[in-house]
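The structure under discussion appears below in the form of structure tokens.
The values are calculated or read from the model by the stated rules, or taken from the named source; none is laboratory data. Remember, predicted model here, so these are calculated numbers, not experimental data. Please note: Cβ atoms are built from the backbone with ideal geometry, for glycine as well, and neighbour counts cover all protein chains shown.
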Amino acid sequence: MVRGRPEVIAIETEEGVRVHCTSDGGNYATLCGMDGDDSEVGQRPANLPRSHKITCDQCFAIFMKARKYRLSDFAKVFKPVLVERDKGRASTNAE
Ligand SMILES: [Zn+2]
């Protein structure tokens with residue numbers, strides 16, 4: 001990850017290399033739900049292009065949808081986790 005920029009990941013499929021937002025939990029590597037390293041579904045990790053710009057249309061669609069929500073739309077149970085992440089420390093519900 002480049003300091004000050006969000007984490008991204010490059011994955012190659014039969015359609016070529018695309019750069020995705022990373023996932024922040026669960027079993028998926030990307031925000032759009034790709035494993036990122038599964039030959040059975042034709043996904044392989046790839047080197048990041050120099051620009052590091054996100055090129056996945058599904059990640060973009062999720063981003064555009066999520067922008068419509070505010071922190072106040074979420075239940076209080078999530079807020080302690082978000083505050084810890086904003087401080088730059090990793091935090092999970094398991095800690
Ligand atoms: Zn994606």
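Can you find, within the range 3-32, the residue that is surrounded by the fewest Cβ atoms within 10 Å (Cβ to Cβ) among those that are without any contact (Cβ under 8 Å) to a residue 12 or more places away in the chain and under 15 Å from residue 55 (Cα atoms)?
So the residue we want is 15.
Restricting to the range 27-47, what's the tally of residues that are more than 14 Å from the ligand (Cβ to nearest atom) and either assigned to a loop (DSSP other than H, G, I, E, B) or touching a helix residue (DSSP H, G or I) at 6+ places or on another chain (Cβ under 9 Å) (or both)?
Final tally of qualifying residues: 4.
Within the range 40-60, restricting attention to residues that are of a type in the set (A, V, I, L, M) and surrounded by 12 or more Cβ atoms within 10 Å (Cβ to Cβ), which residue is farthest from residue 21 (Cα to Cα)? Walk me through how you get there before you give the answer.
Of all residues in the range 40-60, those of a type in the set (A, V, I, L, M) come to 41, 46, 48, 54.
Within this subset, residues satisfying the condition of being surrounded by 12 or more Cβ atoms within 10 Å (Cβ to Cβ) are 46, 48, 54.
Values: 46: 14, 48: 12, 54: 7 Å.
Per the stated criteria, the residue is 46.
I'd like to know if the range 77-84 contains one or more residues that are at pLDDT below 80, loosely packed, with under 13 Cβ neighbours inside 10 Å and aromatic (Phe, Trp, Tyr).
Yes, the range 77-84 contains at least one residue that is at pLDDT below 80, loosely packed, with under 13 Cβ neighbours inside 10 Å and aromatic (Phe, Trp, Tyr).
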